[in-house]
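A short worksheet on the structure shown next.
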Amino acid sequence: MPDSLAPELPLRPDLVGEQPYGAPQLDVPHLLNVNENPYAPPAEVIEDIATSVAAAAAGLNRYPDRDFRDLRAELAAYLERESGASGLTADHLWAANGSNEVMLHLLQAFGGPGRAVMSFGPTYSMYPEYARDSHTHWVEGSRRPDYSLDPDATIAHIAQVRPAVVLLASPNNPTGTALPLADVRAIADACATTGPDGAATILVVDEAYAEFRRKGTPSALSVLADYPHMAVARTMSKAFALAGARVGYLAAAPRLVDCLRIVRLPYHLSAVTQAVARAALRHTDALQAQVTQLRAERDACVTWLRDQGFTVADTDANFVLFGPFEDRHAVWQGLLDRGVLIRETGPKQYLRVSIGTVDQMAAFRGALKEVTGR
Ligand SMILES: *Cc1c(COP(=O)(O)O)cnc(C)c1O
């Protein structure tokens, strides 16, 4: 059928002209653009995953465990060990295909027409997309020049907007900024009454990069028990080196988790995904062996960039935001021409580099020196 005769598709008017989200997936030697763990899973983990998937395959004629209670209990045990929080059980955990889907569940359950979701920029560029896709009004507040949150101003803005959901990434993407625990507490206290019609605002602390935080930086999990309207989101995509498996999760009070169970699709977490995640959790130490090295490499990268005269944001994540550049696209392109792919994101004059292997970081430094002539 010629195009001119094809019927018009009734795409939602607010989606007309929208582009699918995503950084370029290019085939270059040094992929330092999407904050992946540069180290592949070790051989013993690959083997356990393969055996576990084979066992799951024998039952693939059946739908998977809809409530995946074994995985939830194992994630709870991991979080207690990682953060020192206590009292977490399967009922406190929720999981989906990446923490992006977990956060979409939050918006589907608590957002919607006539409601607002807030965050504070510069921050994760997916947040406005959850808002758009769930018909929730998007409001973006601001951060201080050093990318930290001003708790008083943040609380005042939240009280004025009365959002159903507030999303705070800590460490924040793309800046690397972690939230002090006192600020989490102050904002969570306020959120108890700032939601629609006198209800609470759901405060989501998105800790996708928590395992990379510097010594002494706490996790919001340590105060979770005090806040029935708070959720702490995590992912296996970054520290666990499992981005390809698509496993994200959150911890929250069981009553909040029950709200998410209403909106999830039936059997949303496949038997294969559950088997992969459970196998990976049995090898937490091996999978996270490189996290210590990546943190050291991150700190060295910050120091080196500062020594070259760049402005660099303090970072608790596995990436570094640096600049300023008059023409950041030219620098990005110059690095790409030398086989190093980083990310053009965040404040206009800045670039973000994910921490790679020792060799990749050397390639990044060499290429940046050539491109900028420093
Ligand atoms: C990478 C990232 C996530 C996790 O995404 P997944 O869907 O779990 O792969 C969540 N939040 C932020 C801020 C991120 O950068």
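Things worth noting here:
- The strands (runs of 3 or more DSSP E) falling completely within the stretch 174-262 that include 3 or more residues that are β-branched (Val, Ile, Thr) map to 202-206.
- Annotation note: Cβ proximity below 6 Å between a residue of the stretch 155-171 that is within 16 Å of the ligand (Cβ to nearest atom) and at pLDDT 95 or above and a residue that is part of a helix (DSSP H, G or I) and among the aromatic types (Phe, Trp, Tyr) (sequence gap 6+ or interchain) occurs for 165/110; 167/127.
- Boolean, residue 128 is part of a helix (DSSP H, G or I), in contact (Cβ under 8 Å) with a residue 12 or more places away in the chain and within 16 Å of the ligand (Cβ to nearest atom): yes
- Pairs linking a residue in the stretch 231-255 that is farther than 19 Å from residue 220 by Cα to a residue that is among the charged types (D, E, K, R), with Cβ atoms under 7 Å and 6 or more positions apart or on different chains, are 243/36.
- The stretch 48-65: number of residues that are surrounded by 13 or more Cβ atoms within 10 Å (Cβ to Cβ) and in contact with a Phe, Trp or Tyr (Cβ under 8 Å, 6 or more places away or on another chain): 1
- Residues that are over 17 Å from residue 205 (Cβ atoms), in a helix (DSSP H, G or I) and more than 16 Å from the ligand (Cβ to nearest atom) within the stretch 81-108 comprise 81, 90, 91, listed in sequence order.
- Condition met for residue 367 (aliphatic (A, V, I, L, M), modelled with pLDDT under 95 and part of a helix (DSSP H, G or I)): no
- Any hit, the stretch 266-276, residues being in contact with a strand residue (DSSP E or B) (Cβ under 7 Å, 6 or more places away or on another chain), more than 22 Å from residue 317 (Cβ to Cβ), in the same structural domain as residue 133 (by TED's automatic domain parsing) and within 15 Å of the ligand (Cβ to nearest atom): yes
- Within the stretch 301-330, considering residues that are among the small types (Gly, Ala, Ser) and without any contact (Cβ under 8 Å) to a residue 60 or more places away in the chain, the one surrounded by the fewest Cβ atoms within 10 Å (Cβ to Cβ): 330
- Flag for residue 54 being in contact with a Ser or Thr (Cβ under 6 Å, 6 or more places away or on another chain) and assigned to a helix (DSSP H, G or I): no
- Number of the condition not met by residue 157 [criteria: (1) touching a Phe, Trp or Tyr at 6+ places or on another chain (Cβ under 9 Å); (2) surrounded by 23 or more Cβ atoms within 10 Å (Cβ to Cβ); (3) not hydrophobic (A, V, I, L, M, F, W, C)]: (2)
- Every condition in (1) in contact with a Cys (Cβ under 9 Å, 6 or more places away or on another chain); (2) within 16 Å of the ligand (Cβ to nearest atom) holds for residue 291 except the one numbered (1).
- Selection within the stretch 228-269 - among the charged types (D, E, K, R) and over 17 Å from the mean Cα position of the chain (by Cα): 255, 258, 261, 264
- Subset of the stretch 343-357 (residues that are touching a His at 6+ places or on another chain (Cβ under 9 Å) and buried (at least 21 other Cβ atoms within 10 Å of the Cβ)): 356
The values are calculated or read from the model by the stated rules, or taken from the named source; none is laboratory data. Keep in mind that this is a model prediction, so the values were computed, not measured. Cβ atoms come from the backbone with ideal geometry, glycine included; neighbour counts cover every protein chain shown.
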